[in-house]
Amino acid sequence: MTAEALVREDEEATDERLLLAHIRAAKGGDQRAFEGIMLATERRVALLAWRILGDAEEVKEALQETFLRLFRHLHRYDESQDFFGWLFRIAVNVCRDLDRRRRRRRIFAPLEDALGLSGKSIPADDALARRDDVALLRRAIDALPPKEKLAIVLRDVEELSTDEVAAILGSRPATVRVQISKARAKLRQWMEKWR
Amino acid sequence: MRDFRGPVPLTDADYAAVRRNVLANREPRRPRFSVAFRLAFATIVVTFAALITPRPETPVPMSVERATLITETPAPTTNHQPPITTASQNTQPPARSTQHAAPGPLIPLTPSPVRIEIQTSDPDIRIIWIANQHVSTEENS
């Protein structure tokens, strides 16, 4: 193990201890400590929300709502649990609510319908997106059903374990495995179709 | 896969604004009601519900009253003795049995023996006389 790795590990342990101290103080009503929690976690929560929602304004809304819910429910947090896992669960629920609201507002073409489109009817922006695999992948993930989208974002993008994803989504690991498997098959089909 | 959306398009100012909004909009934790208060409230609710819930009326059981023959005769010895009550052997006390009976004369259906109870001034002594009604009718005629 290199010296840099040791220093990094030491810093991470220090950060965790500091976060735990903030959590304990915030439970006691310390406003500065709660601000410290937000500072320590906001970027990770924002990244998760960004990967799920893909809209900057909605990410800000999700971030704010997540911290408001955190403030309301912090007294329920059990220190034996992983704090980020617990916080991600709140964030995913917030993103799910926002996504649901957005889906009600807009009419999305389901992935299956999009897959059935013929090459002649490809709009200009899709033709551009076809050249860009990242854009294609983004579009494909956004077109997945909500549960499959959350499962694939948490498992393949956030690289959490299946058990962690199941805990965050409140599902069984077997259910998550099925959702991920379906989502991957759809993404593969989509990418092959449009490449 | 990790960078399918690219970096988060938020600036430090955005994060600061979010923190400010959270601190400004957070609500104080709602006071938790004590167990005693919850129990008292639940009791009130249950009592109120029990009071306003309409109870189904219990149907009056249909009964066929047996005809009874009740005769009252003055006491044989003195006026201070309680009245003599005569009733058929298998009937209920007159006050209860006549409660739901149809008005009108009571006619014996079967010639059952007449039971006459005489209550003496001593509450521990009661004279019970059972007489065959049919025989006594023939004797009278």
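The values are calculated or read from the model by the stated rules, or taken from the named source; none is laboratory data. Being a predicted model, the structure only gives us computed values, none of them experimental. In this analysis, Cβ positions are derived from the backbone assuming ideal geometry, glycine residues included, and neighbour counts consider all displayed protein chains. Heavy atoms of the whole protein, side chains included, go into the accessibility calculation; ligands, DNA and RNA do not. Shrake-Rupley method; radii C 1.70, N 1.55, O 1.52, S 1.80 Å.
Going from the isolated chain to the complete set of protein chains, region A:61-91 loses at least 10 Å² of heavy-atom accessible area (1.4 Å probe) at A:Leu63, A:Gln64, A:Phe67, A:Leu68, A:Phe71, A:Arg72, A:His75. Summary of packing: across the peptides A:8-16, A:21-29, A:63-71, the per-residue average of other C-beta atoms within 10 Å ranks them, highest first, as A:63-71, A:21-29, A:8-16. Taking Lys and Arg as +1 and Asp and Glu as -1, the other residues whose beta-carbon sits under 12 Å from that of B:Ile128 total +1.
Take the accessible area of B alone and of A alone, subtract that of the pair with a 1.4 Å probe, and the total buried over both chains is about 3000 Å².
Residues of region A:39-60 that bury at least 10 Å² of accessible area once all protein chains are present, compared with their chain alone (1.4 Å probe, heavy atoms only, ligands and nucleic acids left out), are A:Leu39, A:Glu42, A:Arg43, A:Ala46, A:Leu47, A:Trp50, A:Arg51, A:Gly54, A:Ala56, A:Val59, A:Lys60. The modelled label-to-label distance for the pair B:Ala17/A:Arg89, using points 7 Å beyond Cα in the direction of Cβ, is 3.2 nm. Share of region A:130-195's accessible area from carbon and sulfur, percent, 1.4 Å? Reported share for carbon and sulfur atoms: 47 percent. Computed from label points 7 Å out along Cα-Cβ, the spacing between A:Arg172 and A:Asp78 is 2.1 nm. Extending 7 Å from Cα along the Cβ direction at A:Leu20 and again at B:Ile125 yields two label points whose distance is 9.8 nm.
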